[in-house]
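Participant: Have a look at the structure that comes next, please.
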């Protein structure tokens, strides 16, 4: 038995036959499976699940059709199915918009992945990249010059003092490349000059800071070496008092015995008093034992 093939049938038929089934109400069909646009009225068949046109004005019904090839391609039992038009165009349109809005809400939002940014060029490669681009421009300039010279040598029009279209294009390309190289060279020189100025300013600032710190350190060292008058360093070695004759005492003449203003002790001379640890307190001589009773800033040596 030869296999049946599906044949196209006219969209509008004028037969009065029906399939004997009760009329199918359009309100029972989902809005997304129904099309009530003028001139495009159709619906999805309940049996073969294919779109089928609606024919008839007074008594609408489904047009005769066949099942798809995978279902056997024989006549569909829903052909000439009577339809009950109990849905208006506005009602169907409103239902369809509601279904589309619900479907859009249920659909997961589309993910927009931003492209990953290119990694930054390391600092130690920036200068090398600029130098490489400048060298590449000079290579392009040499290539444009050689191409122009070769064309002028081979072309009879350019060789005779004229200029052909190709020669004109080559000359324009050469001049543009030459101008680009000039601008790039000037930018590179300006960048080098600015970098040198920044480096010079940094060195000057460092030298000034170093000089300031050294000056402060020298002042602090001088203050550290200075010993307050009348105060004995706690960590330094003791001053030898044997045969001690300071220049102030040695320069002063001998005045005879010196008497302590507090206890009345006496010394034979100024050198002996200094050796014994005598001090002046408010310009008055005191022996070593009595001078210890006064603050150190009030005691002065002879």
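Read the figures in this text as sums done on the coordinates, not as results from a lab. Everything quoted here is computed from the prediction, not taken from an experiment. For neighbour counting, all protein chains shown are included, and Cβ atoms are generated from backbone atoms with ideal geometry for every residue, glycine included.
Participant: How much length, in nm to one decimal, is gained on full extension between residue 95 and residue 203, taken as 0.36 nm per residue of separation minus their Cα-Cα distance?
Facilitator: 30.9 nm
Participant: Shifting gears a bit: Under a crude label model (7 Å from the Cα following the beta-carbon direction), how far is residue 136 from residue 51 in nanometres?
Facilitator: The modelled label-to-label distance comes out at 5.3 nm.
Participant: State, to one decimal in nm, how far the label point of residue 27 lies from the label point of residue 215, with both points 7 Å from Cα in the Cβ direction.
Facilitator: Those two pseudo-labels are separated by 10.3 nm.
Participant: Now for a different question. Would you please give the FRET efficiency between residue 298 and residue 275, computed as 1/(1 + (r/R0)^6) with r the Cβ-Cβ distance and R0 = 22 Å, to the nearest 0.05?
Facilitator: Efficiency for this residue pair is about 0.55.
Participant: May I pose another question? What length, rounded to one decimal in nm, is gained on full extension from residue 196 through to residue 118, with 0.36 nm per residue of separation minus their alpha-carbon distance?
Facilitator: 25.1 nm
Participant: Compute the FRET efficiency between residue 283 and residue 226 as 1/(1 + (r/R0)^6), taking r as their Cβ-Cβ distance and R0 = 30 Å, and round to the nearest 0.05.
Facilitator: The pair residue 283/residue 226 has a calculated efficiency of 0.80.
Participant: Then there's this: Please pull out the direction-averaged projected area of the range 24-106, using the convex hull of its alpha-carbon atoms, in nm² to one decimal place.
Facilitator: 6.1 nm²
Participant: Could you work out how much longer the chain between residue 74 and residue 15 gets when fully extended? Use 0.36 nm per residue separation minus the Cα distance between them, nm to one decimal.
Facilitator: Gain on stretching residue 74 to residue 15: 19.3 nm.
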